[in-house]
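Here is the structure we will look at, set down as structure tokens.
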Amino acid sequence: MAAFFHGSEREVKISLIAARAENNVIGLNNSMPWNARGEQLLFKALTFNQWLIVGRKTFESMGVLADRKFAVLSRGNNLKESENVRVFGSLDSALDVLGGITDHVMVAGGGEVYRETIEFADCIHLTTVHLSPEGDAFFPEVPGFFERVFSQEFSSNINYIYEIFVR
């Protein structure tokens, strides 16, 4: 069931997409502390032509990616907007505006944004790399009301598993 946000014209499905380590680390010093070959292809395929909600630090570390639109959450207003980048002061304001533009958004980090959205997300696309590095940004525990509906192991220079969880 898609979440409905006040002020929006329609329901907005919210999917989270993340790559984490076995210890829930998603980042260290604004970058991923691993490079598992092939893992980022999942992100590329799943986010193609999608609206991505990201925090400012995550946006600055990934930059503008082709064929994606960004809703950047930032307390400051020092980011430059463009056709594919909109800046919002809060998650609620981003969802209000995006609800009139699209029926699906993907939350792509960082840790604070994941914590703020996981309780009302409809779907989680989660890759877990099989290592436990040091980190300073973490993915929250997947709440028990989510059910794993898909799982696939991948062999690479660092093995990983891709899973889909739904409400």
(Q) Taking loop as defined by DSSP and a crowding limit of 16 other beta carbons within 10 Å, which GluC sites (Glu not before Pro) in the range 80-167 fit? (A) E81, E83, E134, E141
Q | Amide H within-cut-off set for V107, under 5 Å, with H built and near neighbours excluded | A | S15, L16, I17, I53
(Q) Using the Cα atoms of the chain, I'd like the radius of gyration and the largest Cα-Cα distance, Dmax, both in angstrom. (A) 15.3, 46
Q. If you stretched the chain out fully between F48 and R75, how much longer would it get, using 0.36 nm times the residue separation minus the C-alpha to C-alpha distance?
A. 7.0 nm
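What does the extension gain come out to for N30 and F150, with contour length at 0.36 nm per residue minus their alpha carbon separation?
On the way: separation 120, 0.36 × 120 = 43.20 nm, distance 2.91 nm.
Residue separation times 0.36 nm, minus the Cα-Cα distance, leaves 40.3 nm.
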Q. If we restrict to alpha carbons, what Rg and Dmax does the range 102-159 come to, in Å?
A. 13.2, 37
Q) Stretched out fully, how many nm does the piece from D136 to T102 gain, at 0.36 nm a residue minus the Cα gap? A) 9.0 nm
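Once every DSSP H run of n ≥ 4 in the chain is given -39500 (n - 2.57) and the sum is divided by its residues, what mean residue ellipticity at 222 nm do you get, rounded to the nearest 500 deg cm²/dmol?
Theoretical 222 nm ellipticity from helices: -5000 deg cm²/dmol.
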Q. Taking neighbour counts of Cβ atoms within 10 Å as a proxy for exposure, in what order, fewest first, do S155, S93 appear?
A. S155, S93
Q) Over 20 Å between Cα atoms, which of K57/K80; K44/K69; K13/K57 qualify? A) K13/K57
Q) Which of the peptides 59-67, 97-105 is most tightly packed, and how do the rest follow, going by the mean number of other Cβ atoms within 10 Å of each residue? A) 97-105, 59-67
Q. Considering amide H positions built from the backbone, and no H for Pro or chain starts, which residues 5 or more places from F70, or on another chain, come under 5 Å of its amide H?
A. L52, V85, R86
Q: Provide the per-residue ³J(HN,Hα) series for the range 99-116, in order, calculated from phi with Karplus coefficients 6.51, -1.76, 1.60 and θ = phi - 60°, each as a whole number of Hz, with x at glycine and proline positions.
A: x, x, 10, 9, 9, 8, 10, 10, 8, 10, x, x, x, 5, 5, 4, 4, 6
Q | Under Karplus coefficients 6.51, -1.76 and 1.60, residue-wise ³J(HN,Hα) of the range 154-165 in Hz, glycine/proline x | A | 10, 9, 8, 4, 10, 5, 8, 10, 10, 10, 10, 10
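Laboratory data are not the source of any read-out in this text; all were calculated from the coordinates shown. What you see is a predicted model, and the numbers here were worked out from it, not measured in a lab. Cβ atoms come from the backbone with ideal geometry, glycine included; neighbour counts cover every protein chain shown.
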